[in-house]
Amino acid sequence: MPPSPGLFYQVHFYLFGLLAIASALAFVTRKSPIAAALWLVSVMFNLAALYVMMDAHFVGAIQVLVYAGAIMVVFLFVVMLLNLGHADELSDIRGTWGRIAAGAVGLALLAQIMAMSRTRFLSVLQPPTNPVFGGPPDRGAIGTVAQPLFTEHLLAFELTSILLLTAIVGAVAVGKRKGANDT
Amino acid sequence: MIPAFLSLVQVADPQGDPAFGPWFLATLIKMIGLFSVWMVGVAYMTLAERRVSAWIQDRRGPNRVGPHGLLQPIADGVKNIMKEETLPPYANRAIFFLAPMMSFAPAMMAWAVIPFGASWASRWGRIDMVFADLPIGFLFVLAITSLGVYGIVLAGWASNNKYALLGGLRSSAQMVSYEISMGLSLIPVLLLSGNVTLSEVVNSQASLHVWNALSLGVACFVFIAAAFAETNRLPFDLPEAESELITGYHTEYSAMKFSLFFIAEYANMITASAMIATLFFGGWDVPFTQADNTGAVAFPVVLLSMLIFALKVAFFLFLFIWIRWTLPRFRYDQLMSLGWKIFLPVSLAYIVIIAAMVLALDAAGIERGLVYGLILFGVNAVLLVILFVLLDRGRIVSPASVPVVGARLARLRQLAAARARLSAVEPR
């Protein structure tokens, strides 16, 4: 982010931020699952715009590519297959106490965000130069992400991929067993 | 007029960057110019499709409106605007209206990063023939085109029609599956050019003196096939398979809304052709000459490079039409097994091979140049022969057959023999 962002930048930053919050509100209040899913796509899109404005182009692109372009499509696919289209009676809001608790949690989170935006972090907690946010906008947006991933955090990276592989193998195994029972 | 505009911009913001005025004006002109060319291209693609199909099938095709039928797209447009708009009674109105737009917009947005000409060394500074050379390059194109599936899926769902819904479901499964092999087939390009920005990809092909199609042949094949699947063109047009689903996801659409789906299909084809040309066929690079690779160049060379780019795109558009009228449609299980069991492992293995090659060639101290490109080409020729002749033997790529394993064949033969014995015992 430039030290003193211009008016053009600020207007767009707040525009995308407001759109993201409005879409998020619409997402949790819609009753039709398809409409809710579409509002969630809108949230992801606006978040991607905010990432790009913070010079994290790669994170923005991956946000759209993975979440909006793949995961939400699969969500829609499942919702359509299960035919939840007319589920007016399906509601997650559970009575007065549930609403009060949800409101309290929301307020607590809001207060936390407000407090965090005003505190200065201890210098120990801040990484010296964050490679993704705040770094100079260079031509190799991917290198800044890949460099620490494949050098400092290689073990964690590989372990995560093994975890994902286990999940995929598990999903295939569960699917296979069902198919074997049917036939 | 141009100096007047530039001084106006300077007066409006005296502290601003003096390069802003020319950049703004150039972007505006490029946007209007490319959009016009692109939309006219889409209109004439509908005519080209019908004329080429007629030519392939030894017919005449539409030739009544204007000389050689050249005004046919205008007649079609007027007809579509005048037609009645229908809205199915139980359709979801908002999404029904939104879906055609959502299928059209992503094809247009992808053009923001595709370079369509050499940079122009103009009087007002260097003007790049690309709207925004984003640092994420083709990742942006992948991200944006992955949104194209929403238009189709939502059209299918909102119509409240079982054929449309089936078309939408098919397309979501198909496009998500082929996106993976499409993305993986681009990693070798990234390995070779070292950067995802499309201008760097074009420059790297110019410096290797060999197009990526030759030095990365397998990736090129996988990308083109996946591009066909992503644009829902034959042999991958299962979302609209007329013989099974009427017309699939746009069964309930009429008039201009139907037309917008039609436009979106051709717009996606043009975008896909531009991506194929840029990533694997040198983009705007003029072949057999280095005059256009010296950074910013004079205007005639810019025009020549744009012409070359247009010709390359036109060739791939012709390829799209050609294949549509040559190959039959895949069956759904063939489509899925091709995507997951063949393209995915092939592109994964290819990444390993190309990474090893790049590492070995760099370690051997060979500079990025003609020799480097030719060595890669040789390796790829061998790999393509292995892929198509030894591994395939006419089974994988041919859509008309599935691999018949030995056990299954034996069982089929047993069945046939048993049936023959039965009919011999009890003649009817």
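The values are calculated or read from the model by the stated rules, or taken from the named source; none is laboratory data. Quick caveat: nothing in here was measured; it's all calculated off a predicted structure. Here Cβ is always computed from backbone atoms with ideal geometry, including for glycine, and neighbour counts include all displayed protein chains.
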Total residues in segment A:170-183, condition exposed (fewer than 10 other Cβ atoms within 10 Å of the Cβ) and at pLDDT 90 or above = 0
Do we have any residue at all in segment B:306-320 that's within 23 Å of B:Gly41 (Cα to Cα), more than 19 Å from the chain's Cα centre (by Cα) and in a loop (DSSP other than H, G, I, E, B)?
-> no
When residues of segment B:130-147 are limited to those that are within 17 Å of B:Asn268 (Cα to Cα) and more than 9 Å from chain A (Cβ to nearest Cβ), the one surrounded by the most Cβ atoms within 10 Å (Cβ to Cβ) = B:Val141
Run down B:Met269, B:Met256 and say which single residue is buried (at least 21 other Cβ atoms within 10 Å of the Cβ) and under 19 Å from B:Ala99 (Cα atoms).
-> B:Met269
Has segment B:101-112 got at least one residue that is within 14 Å of chain A (Cβ to nearest Cβ), assigned to a loop (DSSP other than H, G, I, E, B) and closer than 30 Å to B:Leu279 by Cβ?
-> no
Out of segment B:320-355, which residues are closer than 19 Å to B:Cys220 by Cβ and free of Cβ contacts under 8 Å to residues at least 40 places away in the same chain?
-> B:Pro345, B:Ala349, B:Val352, B:Ile353
B:Pro235 fails exactly one of the following numbered conditions: (1) buried (at least 22 other Cβ atoms within 10 Å of the Cβ); (2) within 15 Å of the chain's Cα centre (by Cα). What is the number of that condition?
-> (1)
Unmet requirement for B:Lys312, which otherwise passes all of (1) at pLDDT below 80; (2) among the charged types (D, E, K, R); (3) closer than 30 Å to B:Ser207 by Cα | (1)
Among the residues of segment B:171-188 satisfying the criterion of being surrounded by fewer than 23 Cβ atoms within 10 Å (Cβ to Cβ) and of a type outside the set (Gly, Ala, Ser), which is farthest from B:Glu367 (Cα to Cα)?
-> B:Val176
In this structure, is B:Phe223 at pLDDT 85 or above and surrounded by fewer than 22 Cβ atoms within 10 Å (Cβ to Cβ)?
-> no
Taking segment B:317-338 and keeping residues touching a Phe, Trp or Tyr at 6+ places or on another chain (Cβ under 8 Å) and either acidic (Asp, Glu) or at pLDDT 85 or above (or both) leaves B:Phe320, B:Ile323
Count - residues of segment B:321-343 that are of a type in the set (Lys, Arg) and in a helix (DSSP H, G or I) | 2
Just one of (1) within 11 Å of chain A (Cβ to nearest Cβ); (2) closer than 30 Å to B:Phe258 by Cβ trips up B:Ala225, so point out which.
-> (1)
If you scan segment B:186-205, which residues turn out to be farther than 16 Å from B:Val346 by Cβ, outside any helix (DSSP H, G or I) and within 18 Å of the chain's Cα centre (by Cα)?
-> B:Val196, B:Thr197
Lone unmet requirement of (1) among the hydrophobic types (A, V, I, L, M, F, W, C); (2) at the interface with another protein chain (Cβ under 8 Å from one of its Cβ atoms); (3) within 30 Å of B:Val301 (Cα to Cα); (4) in a helix (DSSP H, G or I) for B:Cys220 | (2)
Take the residues of segment B:118-129 that are within 23 Å of B:Gly194 (Cβ to Cβ) and more than 14 Å from every other protein chain (Cβ to nearest Cβ): which is surrounded by the fewest Cβ atoms within 10 Å (Cβ to Cβ)?
-> B:Arg126
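Listed here are the residues, each with its yes/no results for (1) part of a helix (DSSP H, G or I); (2) out of contact with any Lys or Arg (no Cβ under 7 Å at 6 or more places or on another chain); (3) away from chain A (no Cβ under 14 Å); (4) without any contact (Cβ under 8 Å) to a residue 24 or more places away in the chain.
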site: B:Ile114; (1), (2), (3), (4): no, yes, yes, no
site: B:Gly151; (1), (2), (3), (4): yes, yes, no, no
site: B:Leu154; (1), (2), (3), (4): yes, yes, no, no
site: B:Leu166; (1), (2), (3), (4): yes, yes, no, no
site: B:Ser172; (1), (2), (3), (4): yes, yes, no, yes
site: B:Met175; (1), (2), (3), (4): yes, yes, no, no
site: B:Ser207; (1), (2), (3), (4): yes, no, yes, no
Within segment A:53-66, which residues are more than 7 Å from every other protein chain (Cβ to nearest Cβ) and either in contact (Cβ under 8 Å) with a residue 24 or more places away in the chain or crowded, with 21+ Cβ neighbours inside 10 Å (or both)?
-> A:Met53, A:Met54, A:Asp55, A:Ala56, A:Val59, A:Gly60, A:Gln63
Name, by its number, the condition in (1) within 14 Å of chain A (Cβ to nearest Cβ); (2) surrounded by 22 or more Cβ atoms within 10 Å (Cβ to Cβ); (3) not hydroxyl-bearing (Ser, Thr, Tyr) that does not hold for B:Glu200.
-> (2)
Residue check for A:Ala48: modelled with pLDDT of 85 or more, within 11 Å of chain B (Cβ to nearest Cβ) and surrounded by 19 or more Cβ atoms within 10 Å (Cβ to Cβ) = yes
